[in-house]
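The values are calculated or read from the model by the stated rules, or taken from the named source; none is laboratory data. Note that this is a predicted model, so its numbers are computed, not measured. Heads up, the Cβs are rebuilt from the backbone with ideal geometry, glycines too, and the neighbour counts pull from every protein chain shown. The area values use the complete protein model at the heavy-atom level, side chains included, leaving out ligands, DNA and RNA. Shrake-Rupley method; radii C 1.70, N 1.55, O 1.52, S 1.80 Å.
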Amino acid sequence: MDFTFLASTMVTLLKAVPTTLILFSLSIFFGGLLALVIVWMRVSGNPVLSGFAKGYIFVFRGSPLLIQMFLVFYGLGQFGVIRYSFLWPFLREPMVCAILSLALCTAGYTAEIFRGGIRAVSPKEIEAARSIGMSGFLLVRRILAPIAFRHALPAYSTEIVLMMKSTALASLVTVWEVTGVAQRLISQTYRTMEVFLCAAIIYLVLNFIILQGMALLEYSLSRHRRAIPQALKA
Amino acid sequence: MASLELLGFGSTGWGALLIVAALMTLAVTATALAIGAVLGAIVAAAKLSGNPFLVALGNVYTTVFRGVPELLIIYLIYFGGSSAVTSIGKAMGYEGFLGLPSFAAGALAVGIISGSYQAEVFRGAFLAISKGELEAASAIGMHRGMRFRRIIMPQVLRLAIPGLGNVWQLSLKDSALISVTGLAELMRTSQVAAGSTRQYFLFFIAGGCLYLILTSLSDRVFNGAERRANRSMPASAMGQA
Amino acid sequence: MPGVTRLSVRNIRKSFGTHEVLRGISLDAQDGDVISLLGASGSGKSTFLRCINLLETASDGEIWVDGEHIEMIHKKGKTRPASQKQVDHIRSELGMVFQSFNLWSHMTILQNVIEGPIHVLKRPRAECIAEAEALLEKVGIADKRHAYPAHLSGGQQQRAAIARALAMKPKVMLFDEPTSALDPELVGEVLRVMRALAEEGMTMLVVTHEMSFALNVSNRVVFMREGLIESSGTPDEMFAGGATPAFRQFIGHFGTGQ
Amino acid sequence: MPGVTRLSVRNIRKSFGTHEVLRGISLDAQDGDVISLLGASGSGKSTFLRCINLLETASDGEIWVDGEHIEMIHKKGKTRPASQKQVDHIRSELGMVFQSFNLWSHMTILQNVIEGPIHVLKRPRAECIAEAEALLEKVGIADKRHAYPAHLSGGQQQRAAIARALAMKPKVMLFDEPTSALDPELVGEVLRVMRALAEEGMTMLVVTHEMSFALNVSNRVVFMREGLIESSGTPDEMFAGGATPAFRQFIGHFGTGQ
Amino acid sequence: PPAFSKDWTKATITLEGAYAPWNLTNADGTLGGFEPELAKVLCERAKIECTLVASDWDGMIPALNAGKFDVIMDALSITEERRQVIDFTIPYAATPAAFATAKDSPLANAAGTGATIKMTPGQTGVKEIEALKELFKGKTIGIQAATVYAKFVYDNFGDIAEIREYKTGADRDLDLQNGRIDLGFDDAVYFANAFQAANGALAFTGPEIAGSIWGEGEGLGIRKADTELRDKFNAAIKSALADGTVKTLSMKWFKMDVSPQQ
Ligand SMILES: Nc1ncnc2c1ncn2[C@@H]1O[C@H](COP(=O)(O)OP(=O)(O)OP(=O)(O)O)[C@@H](O)[C@H]1O
Ligand SMILES: Nc1ncnc2c1ncn2[C@@H]1O[C@H](COP(=O)(O)OP(=O)(O)OP(=O)(O)O)[C@@H](O)[C@H]1O
Ligand SMILES: [Mg+2]
Ligand SMILES: [Mg+2]
């Protein structure tokens, strides 16, 4: 093992970590917001809205992100309407496009995950809320959302880790994050194994931290499911 | 649009190649899912065994293969696998290079990743089996093996179907990454067609549509399987699964 | 106080598909009335309670809660409440205690009890907490206020559900089999709480299989059969000679000790 | 036939952690005995039944089933059965009916009933089916034999569970609260089946809250309190004057009609 | 590497099959283009039975060393970095490089368009380049990552222009049309073909840059141990260059002669 090479590779790759983290956090954030809209449409009961949501989920879950990203970045600019619109200054930026396509994609998955969480809420608990006069947004905010989110959390952590890995595709649109930098390093040095080993370690550490965080969140949100605390038993 | 001719089946059309590539994607993913099922079952068993060493081993497996980008794993297996096979060949007296064929390398890589997800699916399904039903089996004198075969297995399979559907979806798209091994699956064929004709949008959209067709076909299969397996469940509970 | 009509129901009907579950039910409850609702499984008791607080929409009939008429819209053969606001308001005046408790699993007992007063009635938090603690004291589970529902026994959950309903200061309480699935000791505990409520003059409508409750606590017994009120009267009238043959058959198991 | 000892338990003890749930219980059941096991929630009734068929391992004590002694190994402060084979065999001679039925959800009712005879007892399939259908007929759910458990009402599931246990032709039947969570009509149905079994001379141990069953069907009543048998006797002895103060308090609710 | 000499009668040659006109895939799945046709000639002359297989550009060199195939023929420029890990034959092509821009761009038709200048490695102060620097100040130049052209652009324009790296040249061309970038720099032969696909929206600007600055040109990549194979192909390339076969194929596919100047 050539440790000086590994060390210098590590340094090069670590410099790309902020890019990866920006891609990751912003796409999770916007993807989550979009997912709320989609899931609201999906369960609205309105056939047009839920049809649209179903179609959205089908397309964005069913096709490879690589193709989606390519079409968003290189495809949108082909249309004069977009190129001469007020949106172009934003869409012109590779970072914006990368985050946009990552967010569009994760919104499809996340919407399905949230819907699963909502369906897992006991209808009886909802009835209990209705019976004291809750309805509409109050019911969603106080009863439905907290329970649904707790149910959705395990699946959502998986999706978040998948997103972290998906950011690896952003180098397609000239955003040079960790994997892209690793690939570029390989085509300069041809030392595939060493470079990828460093990259693998970086992702493993990042994902490990994320999963620990999610587990902590899950733990703190499941007080009501845990065994009886000693103090209460007495 | 003249360029649409490029998608036809004539001598200048790429239709036939794209269909063959879609079938190749299907074949790789199905093989990977089968490999993953075996690995997943073993890893799930290890994680449920209660033996601290096996549990730790299982955790390392699921953490690593779910935490490292798929592309890196595919590279590691494609190149690492070849050197392993070559050195085994050497040990057995064969001089020269031995490669892992790209289909095998790709299916193995995606299968190993798929196994880490399937392990969690199986484990969840096992934990979802009602404890009371297991006790009822013990109470009439079923021994461990019989309980596993008659009560646990059928229910794990039923409870795992929706989860396996998701893993299939993931593996289908992971298979797009094994284009680096040169296997002519759907993603690579779309890229090659795009590069050879310079009709990038046409072929990426066509490729995307073929993926959507594969998705909707496989959705249908999994939904059918779920319906069959859920015969024993009331309609309302089916929605919850 | 008797004389104020807290709840009035006229000719309620309800169908599920082609199955007519309620076929015209009328009932009045005055202040302080404790009405036991008896009937075989499937006779429509739960559906009746659910229609009163609009968890189901009756296909026909009129309901007044504390003198307020619930407006309905009939359109294209379907019926629905005219105003969600009125529905929410009416519900906050009707306390419902479900057979399966239906406590919110992600909140402690205290949080369950103060949820409605704070977020629906918009009352000050400190006041709500003080009242909630007093209520929990009253039903005998004050020491469990910081526990989650999953950590409580059935009888304790049932009592928490009663406290949650009472915290809304309802005009009328609706109970749906509040003691089934409890063991005799827990049944005793819950019935003690309900008896205390009755003595305080709370208007109550109670679906129950506990004949002893019907006989000893309620001041009126209503027997439902196939979606209709087959007979009704004071407990003494009903359990003594005046009973109809159907009611006599229904209580047969209770009456003969097997 | 009385005189053959089907089940004999001597000085059973069981702890969970530091909590001693059973503190030395002894009991004999002769051929045809129907023993009611009463006691407050948490007194250890379920645990006692589970120790008998070895779903829990008693920390101390001896058990004989139909004269066969269950061998135990005591090692490092832990106790476990000496032979899994003997455990499986003993269990196939003890029928258990759980409070929550525990039917196998992936099998139809008929499949549930024939599962044990075919796979555990290794008897011919055709014979098992014929017997199973007769049993389902007997408990009154023959028409449901191809339905899945989730499609049955509580009372029907309960009877299917009884049929499943009976299909193993057990020497002794253990029932854990077979009628709680059922409405009075269903309770009646299930009790009718159990009464029929009693008349056929089946040995039964029944944890129940149905005092009428204890009084009218069983020939012995055992009252458990805090892990011990507080008192026992014939129903007449127990429910009449001879009862201990604790038992009298326990049945208070039943005895006084509230 | 195997410590024995192999009698080379068979060899596997890899190419991407998606880099028109160097190599491409036909709709029936067969490979075509300049390199497959040249490979046929070279293998005949070296008396080797060749099989062509397509593989991905990423990982081609590691795959060669892992033994997945014996020869890379994919417009592979002979560079010092690559020499560290593989061996090359003598070049069978050497192509100039040039800037491209949108036809309607103010940068179109820069001074020297249509001319050719020669440069040597490390050469600075070339007046044509200085003129371009003046013109390109503050613009965005797109290049394919990890190529000799990328290094050139960084060295000469890194201080005055923004440089954006793409994974493939094709991606860069699309962005040039979309207007996200102002200029692209790449192999002139590659560009000439790409312009056809862009329906005339793109054009060269400034002089073509040729000479030893791009190294020796494009050669076959071969494992370091396989010296005999390399020697056989060297002889074949020499003869194909000498009798004009390379030039004929080059005119057919590139409409210009890419034979390296000996
Ligand atoms: N949502 C529904 N859809 C269709 N039928 C229903 C629905 N809810 C209740 N029913 C039917 O209406 C009838 C009355 O049901 P209800 O729950 O009111 O009976 P109940 O008197 O409360 O019985 P129990 O004592 O078993 O609780 C039953 O036949 C039931 O099957
Ligand atoms: N697996 C266990 N781990 C720890 N404690 C247990 C366990 N099972 C039962 N217990 C405790 O043992 C005691 C007796 O429980 P058991 O279920 O035998 O009571 P029971 O008499 O059947 O009550 P019920 O009428 O409520 O069913 C209870 O205090 C219970 O909390
Ligand atoms: Mg009901
Ligand atoms: Mg119990």
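At a glance:
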| item | result |
| --- | --- |
| Considering only chain E, percent of DSSP beta bridges that pair antiparallel, nearest 5 | 55 percent |
| Sum of -39500 (n - 2.57) over DSSP H runs of 4+, divided by residues of chain D (222 nm, nearest 500) | -10500 deg cm²/dmol |
| DSSP bridge pairs, the protein assembly as shown: antiparallel proportion in percent, nearest 5 | 55 percent |
| Estimated [θ] at 222 nm from DSSP helical runs (n ≥ 4, -39500 (n - 2.57)) normalised by residues in chain B, nearest 500 | -24500 deg cm²/dmol |
| Kyte-Doolittle at least 1.6, axis length at least 18 Å by Cα - qualifying DSSP helices, chain B | B:15-48 |
| 25 °C / 0.890 mPa s Stokes-Einstein diffusion coefficient of chain B, Kirkwood radius on C-alpha pairs, µm²/s | 121 µm²/s |
| Label 7 Å beyond Cα on the Cβ vector: D:S41 copy-to-copy distances, nm | 2.1 |
| For segment E:188-243 versus segment A:65-114, the gap between their alpha-carbon centres in whole angstrom | 36 Å |
| Accessible area per residue, Å², segment A:89-136 with all protein chains present, probe 1.4 Å | 33 Å² |
| A:K124 paired with E:T116, simple spin-label distance in nm, labels 7 Å along Cα-to-beta-carbon | 8.6 nm |
| Largest to smallest accessible area among E:D58, E:D7, D:D33 [probe 1.4 Å] | E:D7, E:D58, D:D33 |
| Mean accessible surface per residue for chain B, computed with a 1.4 Å probe while every protein chain stays in place, in Å² | 42 Å² |
| Helix E:188-197 vs. chain E, principal-axis angle (Cα, 0 to 90°, nearest 10) | 70 degrees |
| For B:I151, solvent-accessible area (1.4 Å; no DNA, RNA or ligand), Å² | 0 Å² |
| At q = 0.13, 0.16 Å⁻¹, base-10 log of I(q)/I(0) for chain D (Debye sum, equal scatterers on each alpha carbon) | -0.86, -1.26 |
| Per residue value of the accessible surface for segment D:103-196 (all protein chains in place, 1.4 Å probe), Å² | 35 Å² |
| Hz values of 3J(HN,Hα) by residue in segment C:205-222 - Karplus curve (6.51, -1.76, 1.60), Gly and Pro given as x | 10, 10, 7, 8, 10, 8, 4, 5, 5, 4, 6, 9, 9, 7, 9, 8, 10, 10 |
| C:H19-A:L221 FRET efficiency (beta carbon distance; Förster radius 56 Å; 0.05 resolution) | 0.85 |
| Two-site FRET efficiency, D:E127 against A:I22, from Cβ-Cβ distance with R₀ of 60 Å, rounded to 0.05 | 0.25 |
| Nearest 10 degrees, 0 to 90: helix E:169-178 Cα axis against chain E principal axis | 20 degrees |
| Rounded tilt (10° steps) of E:245-254 against the dominant C-alpha axis of chain E | 40 degrees |
| Phi-based couplings in Hz for segment A:200-211 (Karplus 6.51, -1.76, 1.60; Gly and Pro marked x) | 4, 4, 4, 5, 4, 5, 4, 5, 4, 4, 4, 5 |
| In Å², nearest 10: area of D:E93 left accessible to a 1.4 Å probe | 30 Å² |
| In chain D, lysine pairs with alpha-carbon atoms under 22 angstrom apart (chain gap of 8 or more, or interchain) | 14 |
| Accessible area, probe 1.4 Å, largest first, for residues A:Y190, B:Y75 | A:Y190, B:Y75 |
| Chain E: calculated mean residue ellipticity at 222 nm from DSSP helix runs of at least 4, using -39500 (n - 2.57) | -10000 deg cm²/dmol |
| Percentage relative contact order, chain D, counting C-alpha pairs under 8 Å, at least six apart | 25 percent |
| Ranked order, D:T18, E:T30, A:T4 - accessible area, probe 1.4 Å, largest first | D:T18, A:T4, E:T30 |
| Amide H within-cut-off set for C:E177, under 5 Å, with H built and near neighbours excluded | C:V207, C:T208 |
| Rounded FRET efficiency, nearest 0.05, which uses the C-beta distance separating E:D257 from A:S85 and R0 of 30 Å | 0.05 |
| Under-5 Å amide H pairs with D:V34, H placed in peptide plane, nonlocal only | D:M204, D:N219, D:R220 |
| Accessible carbon and sulfur surface of the protein assembly as shown relative to its total accessible area, %, 1.4 Å | 59 percent |
| In nm, spacing of pseudo-spin labels at E:A131 and A:L6 (7 Å Cα→C-beta vector) | 5.4 nm |
| Cα gyration tensor shape of the protein assembly as shown, rounded if a/c is under 1.5, else prolate or oblate by comparing a/b with b/c | prolate |
| Accessible-area value, B:V156, 1.4 Å probe, nucleic acids and ligands omitted, Å² | 20 Å² |
| Sum of side-chain charges, E:A97 neighbourhood, beta-carbon under 9 Å (Lys, Arg +1; Asp, Glu -1) | -3 |
